[in-house]
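The values are calculated or read from the model by the stated rules, or taken from the named source; none is laboratory data. Small disclaimer: the values here were computed from a predicted structure and weren't measured. Cβ coordinates were reconstructed from backbone atoms using ideal geometry, including for glycine residues, and neighbour counts include every protein chain displayed.
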Amino acid sequence: MKIHEYQARGIFASAGIPVPRGKAVSTVADAVAAAEEYARPVMVKAQVHVGGRGKAGGVQYAENVEAARVWAQKILGMDIKGLKVNTVLVTEAADIVTEAYVGIVIDRASKAPVIMVSAAGGVDIEEVAAKTPEKICKLAVDPQMGLRAYQARDLAARLYRDINLVRQAADIIMKLYDVYWKVDASLVEINPLITTPDGKVVAIDAKINIDDNGLFRHKEIEAMRDLDAEDPSEHEAREGDLSFVSLSGNIGCMVNGAGLAMATMDLVKHYGGDPANFLDIGGSSNPQKVLTAMRIILRNPNVRAILINIFGGITRCDDVANGIVMAYEELRPDIPIVVRLTGTNEEEARKILKKVNLESAATLDDVVKMAIKLAESDAANVGRVA
Amino acid sequence: MSILIDKKTKLIVQGITGRDGSFHAEQMKKYGTNVVGGVTPGKGGTKMHGIPVFDSMQEAVAKTRANTSVIYVPPPFAVDAIYEAVDAGIKLVICITEGVPANDMMKVYEYVKANGARLIGPNSPGLISTDKSKVGIMPGNIVKKGSVGVVSRSGTLTYEAIWALTSAGIGQTTCLGIGGDQIIGTNFIDVLEMFEADSATKAVVMIGEIGGTDEEQAAQYVKKHMTKPVVGFIAGRMAPPGKRMGHAGAIISGGSGTAEDKIKALNAAGIPVAASPTEIPDLIKEKLAMKKAASAGKKKASARAKAGAKKKEEAKKKKAGKKKGATKKTTVKPKAKTQKKSTKKR
């Protein structure tokens, strides 16, 4: 799960990492009030879950209160890569001498948190990583031993020569590592970590991604979820304990298991079709889940055919078939549905599906080809107005 | 033979009184797995499907001498269950639970390693050594005894692949899911190494998916160290970057972990990648036929070489026999052998 910069900087601040004064606001009047309170130049920063917002014009420097008003007006409501800006962060503008990068990310290969630092911080850090990876220094921390002070000093010394700055940066790296563990992060990042003319090291940006699997013990972070920033279908799916990702095609997919769901989508593409979504109904086969899944798929006006692929193991095919019948009766879908159910209680499932005149295809490849054919045919498009 | 589990496996089910634990304890027992006990704190002394339940792993291991455990407890308690199993001396722990925090896994991974144990999962469907033992949640009716090893990051997709093999008449030695999470106890390379060492396994199917670089590393390993043919499948060619596709580990991040990269790496290592799970059996047949042809060629060549060597040796012996009369010895040996055989028959 992603949280906004203003939420992440709040967590940084309470961990003792120096950040400039700032306020998250959602109206121009409040933005102006904040600028007046600070009585000096400010930054107005769009709060959206997308990278590159600065380059998209969502981060602006305001010399005075009037400029802050103008920028707040422009940025609030702005569209950045398809996301609407509802909140801006107004912070004191800092005088910047140098910009560095500090990040901690979970590393699958070394099975450890890896700390990355670079003296070449700022908006182009991704380019630095791609073109001059030698400018980024990495350290995999033994999760049992934890980050030791000497390691943090060594990393900080890669950023600065001045011992005064090294000490401050080492302290920030230690605190950032603590934050990483405390909130069950999968990524924490300060970009840029700046130095000021009076010799202070300050985090003027903050980013935290949380491991979804760790959220059960962080109600305070779950409460930070920005529902406006999410696809409503993805939100409904999560509430219904389903995994859903929307895509741009016209074949709605409903599958049990993430790997099989991906493989089914791939096969749709392989045979010349285009999937409208990824949807995993999970391991249990509660008919209610099938109903929710169907509702989510049908909400997408681009969908021309629905493909249901179930490999019954733990999931019982008859349960899924009951869910399909329920969905038929309740939602009355006006587009063709093709089904392939195999495995546990397959025979019972076939009988149940007869009630709504559905037949199960023999193989995965067959059902995919059927779905593509139906999605392309005119019949599928008759009752459907996009 | 098979890998990791067989008839010697003595299994404890952690979380045996829960919905999933009790259901699968019964399924495993039906398959023929030697389920010697279960653990649920506070339920010690009771029975579940005729299986004794204990309060702790320590007690369960002491009373049953179990060597393997499988975990069905909910995510908040799963990491504790892994520590408890390893602490009780279990050397093979299979964690089925989905939703275990990745940072906790990094710590427990180190602990498992330091104690000389092996962890499979979390978020694993478990494994089956055909006709011997089944641990986890894989359906037992789709497998068939044979000589192909199957290793996968997925659950139902693995069943699909196994079913394709079985339907085509190709049986399996062991089928194993390593789990769909970011931090897992056993990676592809670990399993490939075991299949390479297992005499009954003649070929391997490796089913990967987007996210991480485990498949790329496995491809390198196959190229350098494996003599057995490997066939691949990669799920997630259609997945958009930055979105978690169900599994916690199935995410393309920072441009790495794409299906395209993985397929390239596998192909470069001589591993054909199926476009559909239903293509896997044919790829296996092709690979095995190629290997047979190659080894038949080698055998012919080596047979020729051996025959040549034999002739030379015989010629030498003849010469030696003529000189020293050593032919006696060579005639005595076969006699002794036939005598032994005949005594066995009686």
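Do you know which of the residues in segment A:218-237 that are closer than 24 Å to B:P76 by Cα and within 12 Å of another protein chain (Cβ to nearest Cβ) is nearest to the chain's Cα centre (by Cα)?
A:A237
Looking only at segment B:75-113, filter to residues that are within 9 Å of chain A (Cβ to nearest Cβ) and not in a helix (DSSP H, G or I); which one of those is farthest from the chain's Cα centre (by Cα)?
Taking the candidates together, the pick is B:P101.
Being within 14 Å of chain B (Cβ to nearest Cβ) and out of contact with any Pro (no Cβ under 7 Å at 6 or more places or on another chain) is the filter here, so list the residues in segment A:296-325 that pass it.
Across segment A:296-325, the qualifying residues are A:L307, A:I308, A:N309, A:I310, A:F311, A:G312, A:I314, A:T315, A:R316, A:C317, A:V320.
Can you confirm whether B:S124 is crowded, with 24+ Cβ neighbours inside 10 Å and either within 17 Å of B:Y72 (Cβ to Cβ) or at the interface with chain A (Cβ under 7 Å from one of its Cβ atoms) (or both)?
Criteria met by B:S124.
Are there any pairs, at least 6 apart or on different chains, whose C-beta atoms fall under 6 Å, with the first in segment B:135-159 and away from chain A (no Cβ under 13 Å) and touching a residue at least 60 places away in the same chain (Cβ under 8 Å) and the second assigned to a loop (DSSP other than H, G, I, E, B) and surrounded by fewer than 24 Cβ atoms within 10 Å (Cβ to Cβ), and if so, which?
B:V148/B:I170; B:G149/B:T201
Mind listing just one residue for me: the one in segment B:19-55 that is assigned to a helix (DSSP H, G or I) and free of Cβ contacts under 8 Å to residues at least 24 places away in the same chain and, of those, farthest from the chain's Cα centre (by Cα)? Spell out how you get there, then give the answer.
Within segment B:19-55, the first condition is being assigned to a helix (DSSP H, G or I), and the residues that meet it are B:19-31.
If we keep only those that are free of Cβ contacts under 8 Å to residues at least 24 places away in the same chain as well, we get B:19, B:23, B:26, B:29.
Numbers: B:R19: 27, B:F23: 24, B:E26: 22, B:K29: 20 Å.
This residue is B:R19.
Identify, please: which residue in segment A:199-217 is surrounded by fewer than 17 Cβ atoms within 10 Å (Cβ to Cβ) and free of Cβ contacts under 8 Å to residues at least 40 places away in the same chain and is, among those, nearest to B:P74 (Cα to Cα)?
A:F216
Give me a count of the residues in segment A:38-50 that are in contact (Cβ under 8 Å) with a residue 40 or more places away in the chain and either over 13 Å from A:D79 (Cα atoms) or among the aromatic types (F, W, Y) (or both). Break it down into steps so the answer makes sense when it comes.
Here is the first cut: in segment A:38-50, the residues in contact (Cβ under 8 Å) with a residue 40 or more places away in the chain are A:38, A:40-49.
Narrowing further to those that are either over 13 Å from A:D79 (Cα atoms) or among the aromatic types (F, W, Y) (or both): A:38, A:40-45.
Residues that pass the stated criteria total 7.
Got at least one residue in segment A:59-79 being closer than 30 Å to A:R238 by Cβ and of a type in the set (S, T, N, Q)?
So far as segment A:59-79 goes, no, none of its residues is closer than 30 Å to A:R238 by Cβ and of a type in the set (S, T, N, Q).
Filter segment B:207-262 for residues that are more than 13 Å from chain A (Cβ to nearest Cβ) and within 20 Å of the chain's Cα centre (by Cα) and give the result. Spell out how you get there, then give the answer.
Going through segment B:207-262, the residues more than 13 Å from chain A (Cβ to nearest Cβ) turn out to be B:219, B:221-231, B:261.
Hits for segment B:207-262 are B:A219, B:Y221, B:V222, B:K223, B:K224, B:H225, B:M226, B:T227, B:K228, B:P229, B:V230, B:V231.
Can you pull out every residue in segment B:185-205 that is under 30 Å from A:F244 (Cβ atoms) and away from every other protein chain (no Cβ under 13 Å)? Give the derivation first.
Initially, segment B:185-205 is screened for residues under 30 Å from A:F244 (Cβ atoms), giving B:185-188, B:205.
Matches in segment B:185-205: B:V205 only.
What single numbered condition from (1) surrounded by fewer than 20 Cβ atoms within 10 Å (Cβ to Cβ); (2) within 14 Å of chain B (Cβ to nearest Cβ); (3) within 25 Å of A:P20 (Cβ to Cβ) fails to hold for A:D171?
With (1) surrounded by fewer than 20 Cβ atoms within 10 Å (Cβ to Cβ); (2) within 14 Å of chain B (Cβ to nearest Cβ); (3) within 25 Å of A:P20 (Cβ to Cβ) applied to A:D171, the lone miss is (2).
If we only count strands (runs of 3 or more DSSP E) wholly inside segment A:163-250, which ones have 2 or more residues that are closer than 25 Å to A:D107 by Cα?
Numbers: elements: A:185-195, A:201-203, A:207-210, A:243-246.
Qualifying strands (runs of 3 or more DSSP E): A:185-195, A:207-210, A:243-246.
Could you pull out every one of the helices (runs of 4 or more DSSP H) wholly within segment A:1-88 that has 1 or more residues that are among the basic types (K, R), at pLDDT 95 or above and at positive phi?
Working: elements: A:5-14, A:28-38, A:65-75.
Qualifying helices (runs of 4 or more DSSP H): none found.
Does A:G82 fit the bill of being surrounded by fewer than 20 Cβ atoms within 10 Å (Cβ to Cβ), under 19 Å from the mean Cα position of the chain (by Cα), over 15 Å from A:E5 (Cβ atoms) and not basic (K, R)?
Working: surrounded by fewer than 20 Cβ atoms within 10 Å (Cβ to Cβ): yes; under 19 Å from the mean Cα position of the chain (by Cα): yes; over 15 Å from A:E5 (Cβ atoms): yes; not basic (K, R): yes.
The answer is yes for A:G82.
So, restricting to strands (runs of 3 or more DSSP E) that lie completely within segment B:114-181, which ones have at least 2 residues that are in contact with a Cys (Cβ under 7 Å, 6 or more places away or on another chain) and within 25 Å of A:V255 (Cα to Cα)?
On the way: elements: B:118-120, B:126-129, B:133-136, B:145-152, B:172-177.
Here the list reads B:126-129.
How about segment B:61-74: which of its residues are touching a Lys or Arg at 6+ places or on another chain (Cβ under 9 Å) and assigned to a helix (DSSP H, G or I)? Outline the logic, then answer.
Residues of segment B:61-74 that are touching a Lys or Arg at 6+ places or on another chain (Cβ under 9 Å), as a first pass: B:64-68, B:72.
Within segment B:61-74, just B:T64 meets the criteria.
If you check A:A140, A:A185, A:A149, A:A130, which single one turns out to be of a type outside the set (S, T, N, Q) and surrounded by 14 or more Cβ atoms within 10 Å (Cβ to Cβ)? Working first, answer last.
On the way: A:A140 fails: surrounded by 14 or more Cβ atoms within 10 Å (Cβ to Cβ); A:A149 fails: surrounded by 14 or more Cβ atoms within 10 Å (Cβ to Cβ); A:A130 fails: surrounded by 14 or more Cβ atoms within 10 Å (Cβ to Cβ).
It is A:A185.
Only one residue in B:Y83, B:Y31, B:Y72 is in contact with a Phe, Trp or Tyr (Cβ under 7 Å, 6 or more places away or on another chain) and either on the phi > 0 side of the Ramachandran plot or among the hydroxyl-bearing types (S, T, Y) (or both). Which one?
Details: B:Y31 fails: in contact with a Phe, Trp or Tyr (Cβ under 7 Å, 6 or more places away or on another chain); B:Y72 fails: in contact with a Phe, Trp or Tyr (Cβ under 7 Å, 6 or more places away or on another chain).
Selected residue: B:Y83, the only one of B:Y83, B:Y31, B:Y72 that is in contact with a Phe, Trp or Tyr (Cβ under 7 Å, 6 or more places away or on another chain) and either on the phi > 0 side of the Ramachandran plot or among the hydroxyl-bearing types (S, T, Y) (or both).
Residues of segment A:121-155 being modelled with pLDDT under 90 and under 26 Å from the mean Cα position of the chain (by Cα), which ones? Working first, answer last.
Let us first name the residues in segment A:121-155 that are modelled with pLDDT under 90, namely A:121-135.
Passing the criteria: A:G121, A:G122, A:V123, A:D124, A:I125, A:E126, A:E127, A:V128, A:A129, A:A130, A:K131, A:P133.
Can you give me the number of residues within segment A:274-295 that are buried (at least 23 other Cβ atoms within 10 Å of the Cβ) and more than 14 Å from chain B (Cβ to nearest Cβ)?
Step one: of segment A:274-295, the residues buried (at least 23 other Cβ atoms within 10 Å of the Cβ) are A:275-281, A:285, A:290, A:293-294.
Restricting the remaining residues to those that are more than 14 Å from chain B (Cβ to nearest Cβ) gives A:290, A:294.
Selection size over segment A:274-295: 2.
Go through segment A:329-370 and count every residue that is away from chain B (no Cβ under 14 Å), assigned to a helix (DSSP H, G or I) and under 14 Å from A:A305 (Cα atoms).
Initially, segment A:329-370 is screened for residues away from chain B (no Cβ under 14 Å), giving A:329-339, A:348-360, A:370.
Next, from what is left, pick out any that are assigned to a helix (DSSP H, G or I): A:329-331, A:348-354, A:370.
When the remaining residues are screened for being under 14 Å from A:A305 (Cα atoms), the result is A:370.
Counting residues in segment A:329-370 that are away from chain B (no Cβ under 14 Å), assigned to a helix (DSSP H, G or I) and under 14 Å from A:A305 (Cα atoms) gives 1.
Only one residue in A:G312, A:G343 is at positive phi, of a type outside the set (K, R) and either assigned by TED's automatic domain parsing to the domain that holds A:L260 or modelled with pLDDT under 90 (or both), so which one is that? It would help to see each step written out before you state the result.
Details: A:G312 fails: at positive phi.
Answer to the check: A:G343.
For A:S243, are the conditions met, namely being facing chain B (nearest Cβ under 8 Å), of a type in the set (S, T, N, Q), surrounded by 18 or more Cβ atoms within 10 Å (Cβ to Cβ) and more than 16 Å from A:A371 (Cα to Cα)? Walk me through how you get there before you give the answer.
Details: facing chain B (nearest Cβ under 8 Å): yes; of a type in the set (S, T, N, Q): yes; surrounded by 18 or more Cβ atoms within 10 Å (Cβ to Cβ): yes; more than 16 Å from A:A371 (Cα to Cα): yes.
Against the criterion (facing chain B (nearest Cβ under 8 Å), of a type in the set (S, T, N, Q), surrounded by 18 or more Cβ atoms within 10 Å (Cβ to Cβ) and more than 16 Å from A:A371 (Cα to Cα)), A:S243 qualifies.
Residues checked against (1) hydrophobic (A, V, I, L, M, F, W, C); (2) touching a helix residue (DSSP H, G or I) at 6+ places or on another chain (Cβ under 8 Å); (3) closer than 17 Å to A:D266 by Cβ:
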{"position": "B:I189", "(1), (2), (3)": "yes, yes, no"}
{"position": "B:A200", "(1), (2), (3)": "yes, no, no"}
{"position": "B:M206", "(1), (2), (3)": "yes, yes, yes"}
{"position": "B:G212", "(1), (2), (3)": "no, no, no"}
{"position": "B:P229", "(1), (2), (3)": "no, yes, no"}
{"position": "B:M245", "(1), (2), (3)": "yes, yes, yes"}
{"position": "B:S256", "(1), (2), (3)": "no, no, no"}
{"position": "B:A259", "(1), (2), (3)": "yes, yes, yes"}
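Of all residues in segment A:308-323 being out of contact with any Lys or Arg (no Cβ under 8 Å at 6 or more places or on another chain) and not in a helix (DSSP H, G or I), which is surrounded by the most Cβ atoms within 10 Å (Cβ to Cβ)?
Among those residues, the one meeting the criterion is A:F311.
Is it the case that segment A:156-163 has a residue that's hydroxyl-bearing (S, T, Y), in contact with a strand residue (DSSP E or B) (Cβ under 8 Å, 6 or more places away or on another chain), modelled with pLDDT of 90 or more and within 19 Å of A:V188 (Cβ to Cβ)? Reasoning before the result, please.
Within segment A:156-163, the first condition is being hydroxyl-bearing (S, T, Y), and the residues that meet it are A:160.
Then keep just the ones that are in contact with a strand residue (DSSP E or B) (Cβ under 8 Å, 6 or more places away or on another chain); that gives A:160.
After this cut, where a residue has to be modelled with pLDDT of 90 or more as well, the list is A:160.
From what is left, the residues that are within 19 Å of A:V188 (Cβ to Cβ) are none.
No - not one qualifying residue is present in segment A:156-163.
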